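Structure, as structure tokens:
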Amino acid sequence: MPVNNRDIAEQFSRLADLLEVEGANPFRVRAYRNVARTVDSHSRGMADMLAQGEDLSRLPGIGRDLAGKIRQIIDTGHLPLLDEVAQRTPPALSELMRIEGLGPRRMKALYEALDIRSLADLKQAIDAQQVRELAGFGAKTEAKLSRGIERLAGNVARTKLIHAEQIAIPLIAWLKGSKGVKAIEVAGSFRRRQETVGDLDILVTARRDADVMERFVRYDEVDEVVSQGKTRSTVRLRSGLQVDLRVVPEVAYGAALYYFTGSKDHNVAVRKLAQKKNLKINEYGIFKGDERVAGRTENEVFGSVGLPFIPPELRENRGEIEAASKGKLPELVELDDIRGDLHAHTHATDGHHGLEQMARAAQALGYEYLAISDHSRHVSVAHGLDRKRLEAQIAALDHLNDKLDGLVLLKSAEVDILEDGSLDLPDAVLKQLDLTVCAVHYKFDLSRTRQTERILRAMDNPYFNILAHPTGRLINERARYEIDLEQVMQAARGSGCFLELNAHPERLDLDDAHCKRAHEIGLKLAISTDAHSTSDLELMRYGIGQARRGWLQADDVLNTRSLNALKKLLRRN
Ligand code: DGT
Ligand code: CA
Ligand code: CA
């Protein structure tokens, strides 16, 4: 991997930090910081420039000596001076310096006032509330350092996509309020619709005189401005989510959008393709030699390497580049393809709304059908349905269906799969339903073999249709239970059962890789919201995002079918 400008800049700013803690000459410290800034914001890669025989010492603020140091980094990946300085700094100090929010000045104060020499020292001082007492610190800084330590340890959960979206939408609206903003888009894992995101990567094109950067750092939710520059700034919001904003020229917008959408693995693979054509792809454009040959749109980027547009959700280097080059990209399922929802609750069990309200919400979405699938008894929700109550609901559904226009409410139930693999309602009532949604809600800790057998056994019941949230995971909260999903998927396909892709953003269960596997073996999935309220029905789009990441086409998805076709598919022989 060629060394990029960001890596070079990071080494110089680390060097500056360490020297500052040592109390080195402030001019020298500033000189290194300047190099970091110059390199980071330079529009061309230092490595490329060197390769083309250009003289780096002609860059502003970079003399012979500094140009030589840049060359060392490019040649060896290391800056010997940094290694040397890091060696004589107490090792814990240079580790501590990696904590976000802990700059050299604060580091020095902690070192001198509280003799903090290690992460453990710092944690202890924070717990004892000593840090907030230091001049220039305060409780807020103390809390920030505490978060920084967690983040360093990798303990901070990634942000669920839905939360990231709730944060991104008002932020984008705020940025659009800046005069001179033209295009604006969130790239990164957010655009790829990954179930969680590490940070937000926002790209903007703007008129020269736009004040978008100033506006960004002034945003009400900003907790800390991590860095601010003309073309790139980073802030940490109160929620803890970090946001990068980059202002890019219009001629390079497509290249930047492409680059920062990632994923990194995908980018690397496409860059290799480009190299074979003697082209260079980076965030500034597509270059033939020194000439920018493309980069205004993403289509131009793909076109230049002879590929069709690859949807962001597929850009994970999981075969999409090969598929694209053979003209075999899947035609991914879209929200518009969805004709109904096969998993929803009412206040008969743990939902918030009644049958009619749910029906009206489904009509508003233009659905042809909505399955009402309230819980059976075993699950620990209040008032799980027994046979008698379910039969009463069935009667109510018949009655309501007579009145409804355009929408059919399907009779269903979310039936517990008991520990021995039997279902929680008698066949005599199950056979009155249009479909069952069957699920594991307890005994998550069975061995893999027993959990798998439990589910296989449940699928032997002729009234079993769809396995709901097949792994039981809750994102960031509960790991999946042990289960041989491959075996379960094969068995489902063999016996006319289906698996659910639960669209709820806390679940997204199946995950993308398992969706892709289902697609490969020809097992159809239901994308279902598991709605507990009318507004939950709108969570479908998260399921669609995950389905697209899993290469699913409309054909792979049960609920893209007309009611008649669906009923045929649900009939097991
Ligand atoms: P995240 O934030 O962890 O959920 O994941 P991403 O994919 O948003 O990653 P992030 O924010 O670190 O970077 C955004 C995109 O920028 C990433 O998807 C690809 C691109 N990128 C970042 N670093 C590199 C790199 O070293 N090489 C290449 N080729 N691309 C990179
Ligand atoms: Ca990101
Ligand atoms: Ca980022």
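The values are calculated or read from the model by the stated rules, or taken from the named source; none is laboratory data. Predicted model, so just to flag it, every value in this text is computed and none were measured. So basically every Cβ, Gly included, is an ideal-geometry build from the backbone, and we count neighbours across all protein chains shown. Accessible surface areas use protein heavy atoms only, side chains included; no ligands, DNA or RNA. Shrake-Rupley method; radii C 1.70, N 1.55, O 1.52, S 1.80 Å.
Tabulated values for the structure
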{"read-out": "Residues satisfying the stated conditions in segment 376-393, i.e. open to solvent by less than 10 Å² (accessible area, probe 1.4 Å) and at pLDDT 95 or above", "value": "Leu390"}
{"read-out": "Criterion violated by Gly77 - all others in (1) on the phi > 0 side of the Ramachandran plot; (2) more than 36 Å from the chain's Cα centre (by Cα) satisfied", "value": "(2)"}
{"read-out": "Residues satisfying the stated conditions in segment 426-453, i.e. open to solvent by 10 Å² or more (accessible area, probe 1.4 Å), part of a loop (DSSP other than H, G, I, E, B) and modelled with pLDDT of 95 or more", "value": "Pro426, Lys431, Gln432, Leu433, Asp434"}
{"read-out": "Helices (runs of 4 or more DSSP H) lying entirely in segment 28-105 (those with 3 or more residues that are of a type in the set (Val, Ile, Thr))", "value": "64-76"}
{"read-out": "Residue match in segment 217-226 (condition: outside the structural domain of Arg541 (by TED's automatic domain parsing) and within 16 Å of ligand 1 (Cβ to nearest atom))", "value": "yes"}
{"read-out": "Breaking point among (1) surrounded by 20 or more Cβ atoms within 10 Å (Cβ to Cβ); (2) more than 16 Å from ligand 2 (Cβ to nearest atom), for Glu313", "value": "(2)"}
{"read-out": "In segment 231-242, residue modelled with the lowest pLDDT [restricted to those that are of a type in the set (A, V, I, L, M, F, W, C) and either open to solvent by 60 Å² or more (accessible area, probe 1.4 Å) or assigned to a strand (DSSP E or B) (or both)]", "value": "Leu237"}
{"read-out": "Yes/no for Arg246 being more than 19 Å from Lys160 (Cβ to Cβ) and within 12 Å of ligand 3 (Cβ to nearest atom)", "value": "yes"}
{"read-out": "Single unsatisfied condition, Asn564 versus (1) free of Cβ contacts under 8 Å to residues at least 24 places away in the same chain; (2) touching a Phe, Trp or Tyr at 6+ places or on another chain (Cβ under 9 Å)", "value": "(2)"}
{"read-out": "Filter result for Ile544 (modelled with pLDDT under 95 and open to solvent by less than 20 Å² (accessible area, probe 1.4 Å))", "value": "no"}
{"read-out": "Test: residue in segment 245-256 that is outside the structural domain of Val186 (by TED's automatic domain parsing), within 11 Å of ligand 1 (Cβ to nearest atom) and either aliphatic (A, V, I, L, M) or open to solvent by less than 10 Å² (accessible area, probe 1.4 Å) (or both)", "value": "yes"}
{"read-out": "Helices (runs of 4 or more DSSP H) wholly inside segment 118-230 containing at least 3 residues that are over 26 Å from the mean Cα position of the chain (by Cα)", "value": "119-127, 138-152"}
{"read-out": "Inter-residue pairs, beta-carbon under 6 Å, first of a type outside the set (D, E, K, R) and in segment 262-276, second near ligand 1 (Cβ under 7 Å from one of its atoms), 6+ apart", "value": "none"}
{"read-out": "Residue in segment 36-51 that is surrounded by 19 or more Cβ atoms within 10 Å (Cβ to Cβ), under 20 Å from Gln228 (Cα atoms), in contact with a Leu (Cβ under 6 Å, 6 or more places away or on another chain) and at pLDDT 90 or above present", "value": "no"}
{"read-out": "Boolean, Gly494 is assigned by TED's automatic domain parsing to the domain that holds Lys443 and under 21 Å from the mean Cα position of the chain (by Cα)", "value": "no"}
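For every residue, the table says whether it meets (1) acidic (Asp, Glu); (2) in contact with a strand residue (DSSP E or B) (Cβ under 7 Å, 6 or more places away or on another chain); (3) outside any loop (DSSP other than H, G, I, E, B); (4) over 29 Å from Leu409 (Cβ atoms).
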residue	(1), (2), (3), (4)
Arg296	no, no, no, yes
Glu300	yes, yes, yes, yes
Gly306	no, no, no, yes
Asn317	no, no, no, yes
Ala323	no, no, yes, yes
His352	no, no, no, no
Met358	no, yes, yes, no
Gly366	no, no, no, no
Asp374	yes, yes, yes, no
